[in-house]
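For reference, the structure is listed below as structure tokens.
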Amino acid sequence: MSDARAEILGRIHAAVGGDDTRAATVRARLSEHGRNLVPRRGQVTGAEARDAFTTRMGANAGTVQHLSGVAQILPAIADYLRAQSVTGPLRLQPDPVLCGLDRAPLAPWEVREGVPAPEDATGVSVAFAGIAETGSLLMHSGDDAPTLMNFLPENHIAILPSCRLVGALEEGWDRLRRARNNQMPRAVNLISGPSRSADIAMTMIMGAHGPKRLHVLMVDGDDWQEI
């Protein structure tokens, strides 16, 4: 850098000043997790939130089915797979509630647990939260929540406990921080429908980079902890 340029930049730096103040402001903003403006569509609860989530997920080619309790989960999965003519192996997330259910309804399918493999036709996972504002599932990685479950199988069935449905995205982040004592997981994914791409010839292809179908089972009851 030339002496003249260095002198000019030095004068600008001296005139602007306030580096410490600006840095402190940024640090405070990051540490306090201040709220942004939440739109009206994110300020919903109860039945209004359920309807909003269902509508917005549907607008992105996902489907939502409402269940009154956990006993209906595996029969609903079986009905869905039959309707879609899915016969390949089914992979369950190693969730205590999900894996503790009577698997008799899934007798026609080979049921596995853990990290999905390429030959698995269906992955069943439990969502950390649902965001009504955007019709999205908030999923995070963990020992009992392999991220591949969200992307590898052609059919993704997500269990969303209704007690985990929130209005705005900010509420989802708040719950994640609270549940994990402010320690973020390695991966967080917001999923708003099945995979799709129109990169080639402007033709929409479903399942281009992930699941071809996304089916959400919104389940009432208190079997899962409200986070």
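Just so you know, all these numbers are worked out from the coordinates, no wet-lab data involved. Here the structure is a predicted model, which is why all the values come from computation and not from measurement. For neighbour counting, all protein chains shown are included, and Cβ atoms are generated from backbone atoms with ideal geometry for every residue, glycine included.
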Diagonalise the Cα gyration tensor of the range 40-219 and give the resulting equivalent ellipsoid semi-axes, square root of 5 times each eigenvalue, largest first, whole Å.
24, 20, 17
Subtracting the Cα-Cα distance of A24 and C163 from 0.36 nm times their residue separation yields 46.3 nm
How would you order 199-208, 62-71 from highest to lowest mean count of nearby Cβ atoms within 10 Å?
62-71, 199-208
Of the residues R11, R196, R40, which exhibits the maximal mean-square fluctuation in a Gaussian network model of the chain defined by a 10 Å Cα contact cut-off?
R11
Quickly work out the S85-to-S68 label distance, labels modelled 7 Å from Cα along the C-beta direction, and quote it in nm with one decimal.
3.4
Helix-only mean residue ellipticity at 222 nm, the chain, DSSP H runs n ≥ 4 weighted -39,500 (n - 2.57), per residue, nearest 500. What is it?
-9000 deg cm²/dmol
Using the alpha-carbon atoms, what tilt in degrees (0 to 90, nearest 10) does helix 73-83 show relative to the longest principal axis of the chain?
80
Hey, any idea what Rg/Rh is for the range 1-76, computing Rh the Kirkwood way over Cα pairs?
1.43
Would you kindly state how much longer the chain becomes between H13 and S141 on full extension, computed as 0.36 nm times their sequence separation minus their alpha carbon distance, in nm to one decimal?
41.7 nm
